[in-house]
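> This is the structure, below, for whatever I ask next.
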Amino acid sequence: MKRVAVIPGDGIGVEVITEAVKVLHALMDRRGLPLELVTFDWGAEKYLRDGTSLPDGGLEMLRREFQAILIGALGDPRVPSNQHAVDILLGIRFGLDLYVNQRPVKLRDVRLCPLKDRSERDVDFVIFRENTEGLYVGVGGNFKRGSEDEVALQEDVNTRRGVERILVHAFEYAGNRGRKRLCMSDKSNAMPHAHGLWQRTFQDVRKRYPGIESRHLYIDTLAMEVIRDPSQFEVIVTCNLFGDILSDLGAQLVGGLGLAPSANIHPGHASMFEPVHGSAPALAGKNLANPLAAILAAGMMLDYLGYREAASDIERAVTDALRRGQTTPDLGGKLGTKEVGDWICSRL
């Protein structure tokens, strides 16, 4: 039995995760998947009620008792600092050392691509983002804050161990999934110390994988090339900040953030899966939110847990929904959040 912690989150997070859970239950019935889904009320409501964001012992419980975490968007205007979101999302990411952020960029319906004369075969790559280092570790500070002489420092933290393990993961994924081309991206020409480490480590690691065609592009060049000809890419690996930006660019090539799932992984350990869009408080409770990213995130979770056929079922059902127009209005359809989830379940 694989145990999954479900954290619906805030706003539309609750609605889209409800549909993802509905799809999981449909697959549990259809394929007999041995899953146990356990829901936790961590989010703004709990934080406002008793001041608890990530409960004491919560991380250890997730690490010890669960194989995966399915989480919705966090963020609520009643908590202006969004401290609860930081505590929960970053707390899990850093506390469980989820060093791999995996973002698939896969076009399922050519109508959704803003590039002209592109087919579904032209946009199908995966971005691996280092998830626990870089500029997002929060090292830095302000001097003379609020004055005209203010100085702000933000440190970019990179370790040999951290860089090597994300590169190795990306190469291993390429080899295991039959992908022959890998691109590493940095900005070592302008950041010779931090990203010089990426360059040296990449040169060492790529020697271990002679069967994979690997190359390097500076991040600005890579961004241009992804738009000019996305078909040249199969696997991309980069640092925390660049991966964050590039994966949202990639999402726009396939229909927007409503179709963008994400995995935060530490191989062999409890890992977290989520749609990457926000909590959109203005849409909450209106049955308008697009649940497909959350459903695709559930599919990535199944794949991680070893249920690849069930994950493929979800992929096919979502593709079918897009091509038949069985979607929410943001993708040109006329269905509500719940109705999209129902349609996916019926298709399964």
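> Just to be sure, is Gly9 part of a loop (DSSP other than H, G, I, E, B), of a type in the set (Gly, Ala, Ser) and either on the phi < 0 side of the Ramachandran plot or crowded, with 23+ Cβ neighbours inside 10 Å (or both)?
Yes, satisfied.
> Follow-up. Those residues that are closer than 13 Å to Ala174 by Cα and within 24 Å of the chain's Cα centre (by Cα), I need them from the stretch 203-238; list them, please.
Across the stretch 203-238, the qualifying residues are Ser214, Phe233, Glu234, Val235, Ile236, Val237.
> Looking only at the stretch 69-107, count every residue that is of a type outside the set (Ser, Thr, Tyr), in a loop (DSSP other than H, G, I, E, B) and over 12 Å from the mean Cα position of the chain (by Cα) and tell me the total.
Narrowing the stretch 69-107 to residues of a type outside the set (Ser, Thr, Tyr): 69-80, 82-98, 100-107.
Narrowing the set further to residues that are in a loop (DSSP other than H, G, I, E, B) leaves 72-80, 82, 96-98, 107.
Retained after the next criterion (residues that are over 12 Å from the mean Cα position of the chain (by Cα)): 74-80, 82, 96-97, 107.
Final tally of qualifying residues: 11.
> Something else about it: Restricting to the stretch 218-236, give me the number of residues that are buried (at least 20 other Cβ atoms within 10 Å of the Cβ) and out of contact with any Lys or Arg (no Cβ under 8 Å at 6 or more places or on another chain).
Residues in the stretch 218-236 being buried (at least 20 other Cβ atoms within 10 Å of the Cβ) and out of contact with any Lys or Arg (no Cβ under 8 Å at 6 or more places or on another chain): 3 in total.
> Right, something else. Is there a residue in the stretch 327-348 that is under 19 Å from the mean Cα position of the chain (by Cα) and either aromatic (Phe, Trp, Tyr) or under 20 Å from Leu70 (Cβ atoms) (or both)?
Applying the first criterion (under 19 Å from the mean Cα position of the chain (by Cα)) to the stretch 327-348 yields none.
Among the residues of the stretch 327-348, not one is under 19 Å from the mean Cα position of the chain (by Cα) and either aromatic (Phe, Trp, Tyr) or under 20 Å from Leu70 (Cβ atoms) (or both), which makes the answer no.
> In this structure, does Phe66 turn out to be within 20 Å of Pro291 (Cβ to Cβ), surrounded by 14 or more Cβ atoms within 10 Å (Cβ to Cβ) and assigned by TED's automatic domain parsing to the domain that holds Ile17? I'd like the intermediate steps shown before the answer.
Values: within 20 Å of Pro291 (Cβ to Cβ): no; surrounded by 14 or more Cβ atoms within 10 Å (Cβ to Cβ): yes; assigned by TED's automatic domain parsing to the domain that holds Ile17: yes.
When the stated conditions are applied, Phe66 does not pass them.
> Kindly indicate the residue of the stretch 82-97 that is touching a residue at least 60 places away in the same chain (Cβ under 8 Å) and of a type outside the set (A, V, I, L, M) and also farthest from Ala5 (Cα to Cα) among those meeting that condition.
Asp97
> If the Cβ limit is 7 Å and pairs must be 6+ apart or interchain, which residue in the stretch 160-175 that is in a helix (DSSP H, G or I) pairs with which residue that is surrounded by fewer than 21 Cβ atoms within 10 Å (Cβ to Cβ) and of a type in the set (Ser, Thr, Tyr)?
Sorted first by the residue in the stretch 160-175, then by its partner, the pairs are Phe171/Tyr209; Gly175/Tyr209.
> Confirm whether Leu33 is surrounded by fewer than 20 Cβ atoms within 10 Å (Cβ to Cβ), of a type outside the set (Lys, Arg) and either closer than 23 Å to Met300 by Cα or touching a residue at least 24 places away in the same chain (Cβ under 8 Å) (or both).
yes
> A follow-up question, please. Answer yes if at least one residue in the stretch 16-32 is in the same structural domain as Pro275 (by TED's automatic domain parsing) and in a strand (DSSP E or B), and no otherwise.
Scanning the stretch 16-32, I find no residue that is in the same structural domain as Pro275 (by TED's automatic domain parsing) and in a strand (DSSP E or B), so the answer is no.
> Out of all the residues in the stretch 229-262, which are touching a Leu at 6+ places or on another chain (Cβ under 9 Å) and among the small types (Gly, Ala, Ser)?
Ala251, Gly255, Gly256, Gly258, Ala260
> State all residues of the stretch 231-286 that are more than 22 Å from Met301 (Cβ to Cβ), free of Cβ contacts under 8 Å to residues at least 40 places away in the same chain and assigned by TED's automatic domain parsing to the domain that holds Arg206; if no residue qualifies, say none.
Answer for the stretch 231-286, where residues must be more than 22 Å from Met301 (Cβ to Cβ), free of Cβ contacts under 8 Å to residues at least 40 places away in the same chain and assigned by TED's automatic domain parsing to the domain that holds Arg206: Ile245, Leu249.
> Sort through Ala310, Ala293 and tell me the only one that's outside any loop (DSSP other than H, G, I, E, B), assigned by TED's automatic domain parsing to the domain that holds Val6, under 20 Å from the mean Cα position of the chain (by Cα) and closer than 21 Å to Asn101 by Cα.
So the residue among Ala310, Ala293 that is outside any loop (DSSP other than H, G, I, E, B), assigned by TED's automatic domain parsing to the domain that holds Val6, under 20 Å from the mean Cα position of the chain (by Cα) and closer than 21 Å to Asn101 by Cα is Ala293.
The values are calculated or read from the model by the stated rules, or taken from the named source; none is laboratory data. Source: prediction; values computed, not measured. Counting neighbours? That spans all protein chains shown, and the Cβs are built from the backbone with ideal geometry, glycine included.
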